[in-house]
Amino acid sequence: YVEKHAQTLRHQKIEPVLMMTWAYKSQPSMIEAVSREYTIAGNENKLLIIPAGLAFSKSIQTHPEIDLYADDKHPSREGTYLAAATIYASIFQISPVGNTYKFDIKPEVRKKLQVIAWETYLEYYHKK
């Protein structure tokens, strides 16, 4: 499906991107399979992969006090911010650290999420 839809988008002069999803809160180890499959699909189709799922995993490991999930299993405000910071880092290839957009999140939490997003981008794209 990735190949099919990537071709469709490119035919319309749209460059597709894959945003790697995160593991379920109750199944954190599923990130290994998610990451592997997104990486394979992205590489086979020459797509930019945004490693948001890996950023979630890294954040949970290093800052478990930051809840990235809402009660309905979607991202919380903090999870959304982390995903957005990872998108920013991946597309522009610059650090989101210091970005002043607040999104009603405490400054110290924003900074941690920005650092996680940047570190994840660097680890994903520079360790391959």
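The values are calculated or read from the model by the stated rules, or taken from the named source; none is laboratory data. Owing to the predicted nature of the structure, the values given are computational and were not obtained by experimental measurement. Here Cβ is always computed from backbone atoms with ideal geometry, including for glycine, and neighbour counts include all displayed protein chains. Areas reflect the complete protein model, heavy atoms only, side chains present, ligands, DNA and RNA absent. Shrake-Rupley method; radii C 1.70, N 1.55, O 1.52, S 1.80 Å.
Scanning the stretch 85-117 for residues that are part of a helix (DSSP H, G or I) and either without any contact (Cβ under 8 Å) to a residue 12 or more places away in the chain or open to solvent by 60 Å² or more (accessible area, probe 1.4 Å) (or both) gives TYR88, ILE91, PHE92, PRO107, GLU108, LYS111, LYS112. Pairing residues of the stretch 60-77 that are of a type in the set (A, V, I, L, M, F, W, C) with residues that are assigned to a loop (DSSP other than H, G, I, E, B), at Cβ distances under 7 Å and at least 6 apart in sequence or on separate chains, gives ILE60/LEU68; LEU68/SER76; ALA70/SER76.
Filtered by the rule that a residue be part of a helix (DSSP H, G or I) and over 12 Å from the mean Cα position of the chain (by Cα), the stretch 35-71 gives ARG36, GLU37, THR39, ILE40, ALA41, GLY42, ASN43, GLU44, ILE60, GLN61, THR62.
Might you let me know whether the stretch 35-42 holds any residue that is in contact (Cβ under 8 Å) with a residue 40 or more places away in the chain, open to solvent by 40 Å² or more (accessible area, probe 1.4 Å) and not β-branched (Val, Ile, Thr)? There is no residue in the stretch 35-42 that is in contact (Cβ under 8 Å) with a residue 40 or more places away in the chain, open to solvent by 40 Å² or more (accessible area, probe 1.4 Å) and not β-branched (Val, Ile, Thr). Residue count for the stretch 1-34, restricted to those that are closer than 18 Å to ALA89 by Cα and surrounded by 13 or more Cβ atoms within 10 Å (Cβ to Cβ): 7.
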